[in-house]
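Only the coordinates and a few stated rules stand behind these numbers; no lab work does. Predicted model only: the values in this text are computed from it and were never measured. All Cβ positions, glycine included, derive from the backbone under ideal geometry; neighbour counts span all protein chains shown.
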Amino acid sequence: MSAPARPPEGGASSPGEDVAQRQEGGPVSAPARPPEGGASSPGEDVAQRQEATPVRPRGSVVVLGAGLVGLACAHALQRDGFTVTVVDRGGVGEGASFGNAAHIAIASIIPQSTPGIIGQTIRLLKDPAGPLIVRPGYAARHLPWFARFVAQGTAERARAGTHAMAAMMAQAWDAWQPVLEDIGGGELVRQSGALHVFGSQAALRAAQAAYDLRRSLGVTCTPVDLEQARTMEPALTEQVGAVVWIPGMGYVTDTLALARRLAERIESRGGRILRAEATGVDARGVRTKEGRLDADRVVLAAGAWSHRLARGLGVDIPLVSERGYHVMLAPGSSPLRMPVLMVERKVALTPMAAGIRMASVAEFAAADARADHARAERVFRGLERFVQGLDAEPVSRWVGPRPSVPDSRPILGQAPGAPHVLLAYGHGHLGVTLAALTGRVIADVASGRDPGIDMRAVAPLRSARLR
Ligand SMILES: Cc1cc2nc3c(=O)[nH]c(=O)nc-3n(C[C@H](O)[C@H](O)[C@H](O)COP(=O)(O)OP(=O)(O)OC[C@H]3O[C@@H](n4cnc5c(N)ncnc54)[C@H](O)[C@@H]3O)c2cc1C
C-alpha cells in the first residue's frame, strides 16, 4: 500500500476555497504515482504531462453505468489509452450520483456495522421520525445480507475495516485533483472543511472514541467552542451544543454538472456515451436490449443495480439498495456556507449551487420502489433549532439507492472467474468521495500497475463472510 501523498486534512484551507484556487495558490500535491510511462519532472503540471505522454492503444472497454463511479473509471481508462464506451439506460449522472449529500467525506472511515449494532438498530427502528426505515418484504428477501452486516460488527472486523477505509480516504483528494484539473471542474468541488454538529456536549462525549480513532488514523477533527463555530458558520444557532471542525472535508457544488463534465471530456477524446438498458454482462461485452456491445474488457459500475448483472457472471456478492432521500431548499433559505453533518439525526446539509440540500435516511427497500417522502421528511423536521432557515418549504424532493455491502467497503477488481470483467460498485455512503480513486484503481488494474491501495480490502470475494 503506498503512503498518501499528503495527509487528508490538506492543510488549513479556509471555508469556501475551491480546489482550483488551492492548486493555484496552495501546495499542489503530485499524484501518488506518475502515470505509466510518464517520466515526470518535479512540479510539471499533471494535465500537461498526461496530454504529452504518448499512450499506446490498449483495447476497448465498455463501462456499464454512467454514475460518478462509472464515469471516473471511463475517464481514467481513456487517459490510459483504452477506447471507452459508457452505457446507461438513463441520463448521465442521474442515479444515486445525482441526489447524494455531495460531501467529500474523508472522515467517514468507520464502517456502518460496529459493536453494539443490534441495540443501535433496534433503537433507531423504534423512532418513528428516525433515519432508519426497513421495508419488511425487502428485508425478508435479503436476510443473508443483514446477517453478514451484523457479523461485521465485531471489534476486530470494525477496526480492520476502519484502517482499510482510512488508507483509501487518505488518497481521495489526490485522486480527485488531476481529474478536476483535466475536466476543468475545479469550481465544482470545494475543499471547504465541514462541521459535525451535536445537540449537546454529552452527545459529543458519547462520540469521543470515534473521533479519537479518526485522529489516530490521520484525520484532523478539532472540537471548536461555540462562539468560534458560529463565526465559521453563521447559520448555526444558539441551541447548538457542540461542534467538531474537520478541515479535510469538502463538497461538490453540483453533482449533475460534475457527471456531465466528466462525460463531455470523455466524448471530446473520442469516447462514446450510449443510452441502452443492459440485460447481461459476459467476458466479451455487454448485452443490451438494443443489441450486444463487444469489448476487450467490461467495467461493471451499475451502482445499486449491479448485483443481478454480477450474478449472471456467477458472482454472488451481497449488495442491497439502501435508499436515501433529499429535499432542496431555495437558494438563500439558509445562510449555510459549508457542509454540516447533524450527527445525532444523521442529516447532512450542503450549500449547493442550486440551494440548500438536506439529505438523510437509510431505507432498505428495492431501488425502484415507490418513494415515501412524507416518512423521510420527518427526519428533517425541527433542525431549524440548530441551523437557521431549515424550516423553509422544499422546492424539490428526491430518493435514490446507495449500493451497500455488509462491510461498507466497495467491491473493486477483477470478477472471480471472469478476469476481463472489472467490478466497481458497492460504494454505499461514499461513492462521491471515492469515485476518482476508484477510477484510478480500475485503470491501474486494467493496465497491470500496482493500484496503490490494499486490494485485499476491496477484493470481490474478500472473505467467506461476504459470500
Ligand atoms: C441520500 C444520499 C446521500 C449520500 N451522500 C453522500 C456523500 O455525502 N458523499 C459520498 O461520497 N457519497 C454519498 N452518497 C453515496 C453516493 O451517492 C453513491 O455511493 C454513489 O453515487 C454511487 O455511484 P455509482 O456511480 O456507483 O452509482 P449510480 O450513480 O447509481 O450509477 C449507476 C448507474 O447505472 C445505471 N444502470 C443500472 N442498471 C443498468 C442497466 N441494466 N443498464 C444500463 N444502465 C444501468 C443507472 O441508470 C445509473 O445511472 C449518498 C447517497 C445517498 C442516496
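Observations on the model:
- Burial ordering of Lys346, Lys289, fewest other beta-carbon atoms within 10 Å first: Lys289, Lys346
- Cα centroid of the range 133-162 to Cα centroid of the range 179-230, whole Å: 27
- In this simple spin-label approximation, Val395 and Asp296 carry label points 7 Å from Cα along the Cα→Cβ vector, and these lie 4.7 nm apart.
- Cβ-based net charge around Gly312, under 11 Å, with every Lys or Arg adding one and every Asp or Glu removing one: +1
- Potential extension, Asp212-Leu274 segment - 0.36 nm per residue separation minus Cα distance: 17.7 nm
- Listed by Cβ neighbour count within 10 Å, with the fewest neighbours leading, Trp173, Trp305 appear as Trp305, Trp173.
- Each residue of the range 270-287 was assigned a 3J(HN,Hα) from its phi angle through the Karplus curve 6.51 cos²θ - 1.76 cosθ + 1.60 (θ = phi - 60°); the sequence is x, x, 10, 10, 10, 9, 6, 8, 7, 10, x, 10, 9, 5, 10, x, 10, 8 Hz, with glycine and proline shown as x.
- Residue exposure sequence - Cys221, Cys73 - by fewest surrounding Cβ within 10 Å: Cys221, Cys73
- A Förster distance of 51 Å, applied to the separation of the beta-carbon atoms of Glu156 and Glu384, puts the FRET efficiency at 0.75.
- Computed over neighbours whose Cβ is under 9 Å from that of Gly324, the net charge equals 0, Lys and Arg +1, Asp and Glu -1.
- For the chain, the normalised intensity computed at q = 0.09, 0.11, 0.13 Å⁻¹ comes to -0.55, -0.85, -1.23 (log10 of I(q)/I(0), Debye sum over alpha carbons, equal scatterers, no solvent).
- Residue-by-residue Karplus 3J(HN,Hα) for the range 383-397, coefficients 6.51, -1.76, 1.60, Hz, glycine and proline x: 6, 5, 4, 9, 10, 4, x, 6, 8, 5, 5, x, 9, 7, 9
- Summed side-chain charge close to Gly413 - residues other than Gly413 whose Cβ falls under 14 Å, Lys, Arg +1, Asp, Glu -1: +3
- Near Val421, the amide H atoms lying under 5 Å from its own belong to Val298, Ala415; only residues 5 or more places off or on other chains count, and H is placed 1.01 Å from N.
- With contributions of -39500 (n - 2.57) from each DSSP H run of at least four residues, the per-residue ellipticity at 222 nm computed over the chain stands at -9000 deg cm²/dmol.
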